[in-house]
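One structure is given here, and the rest of the page talks about it.
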Amino acid sequence: MSDDCLFCKIIRGEIPSSKVTESNTALAFRDVNPQAPTHVLVVPRVHVTSLAVATDPAMLGDLMLMAASVARLEGIEESGYRVVANTGPDGGQTVDHLHLHVLGGRHMKWPPG
């Protein structure tokens, strides 16, 4: 964990969050600046700065499985949802801790950006 990372502070409970679900390896909580009716972030409990440097296939699989679980819990599994991993500045990553956005509750347009 990183001492100054926003998501590490949320994981440690130093910053409050609206938790959706959690496991031994990941935490899912509501985004404070939602871009869709459902907008949940899924983060690994270990500090990994981005998808570009992630090397643990089990951790990445856990994140994706939790994203699917979030969709079920939030009632958007049937209607559809989007899972996004912004990576690096040009990819729109604003927090240097790997995280997935689970977005749903409305029609998603393509291309997204």
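Here Asp90 meets each of (1) farther than 17 Å from Ala26 by Cβ; (2) surrounded by fewer than 18 Cβ atoms within 10 Å (Cβ to Cβ); (3) touching a residue at least 12 places away in the same chain (Cβ under 8 Å) with one exception, condition (3). If you go through region 1-28 and keep only what is of a type in the set (Asp, Glu) and assigned to a strand (DSSP E or B), you end up with just Glu22.
Contact map, region 7-28: first residue under 17 Å from His39 (Cβ atoms), second residue surrounded by 12 or more Cβ atoms within 10 Å (Cβ to Cβ) and of a type in the set (Asp, Glu), Cβ cut-off under 7 Å, separation 6 or more or different chains; pairs are Ala26/Asp62; Ala28/Glu22. When residues in region 96-113 are screened for being surrounded by 12 or more Cβ atoms within 10 Å (Cβ to Cβ), in contact with a strand residue (DSSP E or B) (Cβ under 9 Å, 6 or more places away or on another chain), part of a loop (DSSP other than H, G, I, E, B) and on the phi < 0 side of the Ramachandran plot, 5 of them pass. Among the candidates Thr55, Thr38, the residue that is of a type in the set (Val, Ile, Thr) and free of Cβ contacts under 8 Å to residues at least 40 places away in the same chain is uniquely Thr55. Within region 29-45, how many residues are basic (Lys, Arg), farther than 22 Å from Ala58 by Cβ and part of a loop (DSSP other than H, G, I, E, B)? Summing the residues that are basic (Lys, Arg), farther than 22 Å from Ala58 by Cβ and part of a loop (DSSP other than H, G, I, E, B) in region 29-45 gives 0. Inspection of region 67-75 finds no residue satisfying the criterion of being in contact with a helix residue (DSSP H, G or I) (Cβ under 6 Å, 6 or more places away or on another chain), under 17 Å from Thr38 (Cα atoms) and free of Cβ contacts under 8 Å to residues at least 40 places away in the same chain. Filtering region 53-87 to residues that are in a helix (DSSP H, G or I), surrounded by fewer than 18 Cβ atoms within 10 Å (Cβ to Cβ) and among the hydrophobic types (A, V, I, L, M, F, W, C) leaves Val53, Ala58, Met59, Leu60, Met64, Leu65, Ala68, Leu73.
Only the coordinates and a few stated rules stand behind these numbers; no lab work does. Just so we're clear, the structure is a prediction, and the values are computed from it rather than from any experiment. When we count neighbours, we look across all protein chains shown, and the Cβ atoms used for this are built from the backbone with ideal geometry, even at glycine.
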